[in-house]
Amino acid sequence: MPAASASDILRWLNQYEADQTPEAVFVRDADKLEYLVHAVEYRHCGHQVPRFPVRS
């Protein structure tokens, strides 16, 4: 992987983890939504879904 691409990915990951930009906050919220949709789908199929804390 080119060094420029690697540095961009690392920068984006750091922004995501720190909620530093509106885009990072949006992606984190999208991740939470995906988790919740999967939990609803699993519950709908009859599986028990444990309660996991969701970082706000």
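Values in this text are rule-based calculations from the coordinates and carry no lab data. Everything numeric in this text was worked out from a predicted model, so none of it was measured. In this analysis, Cβ positions are derived from the backbone assuming ideal geometry, glycine residues included, and neighbour counts consider all displayed protein chains.
Things worth noting here:
- Crossing angle, helix 3-18 versus the chain [Cα axis fit, 0-90 degrees, rounded to tens]: 50
- When +1 charges are put on Lys and Arg Cβ atoms and -1 charges on Asp and Glu Cβ atoms, the dipole computed for the chain relative to its Cα centre reaches about 240 debye.
- Identified option (computed percent of Cα pairs over 19 Å apart; candidates (i) 47; (ii) 42; (iii) 55): (i)
- Between 0 and 90°, nearest 10: helix 22-44 axis offset from the chain longest Cα axis: 20
- The calculated 222 nm mean residue ellipticity attributable to helices in the chain amounts to -24000 deg cm²/dmol, summing -39500 (n - 2.57) over DSSP H runs of n ≥ 4 and dividing by all residues.
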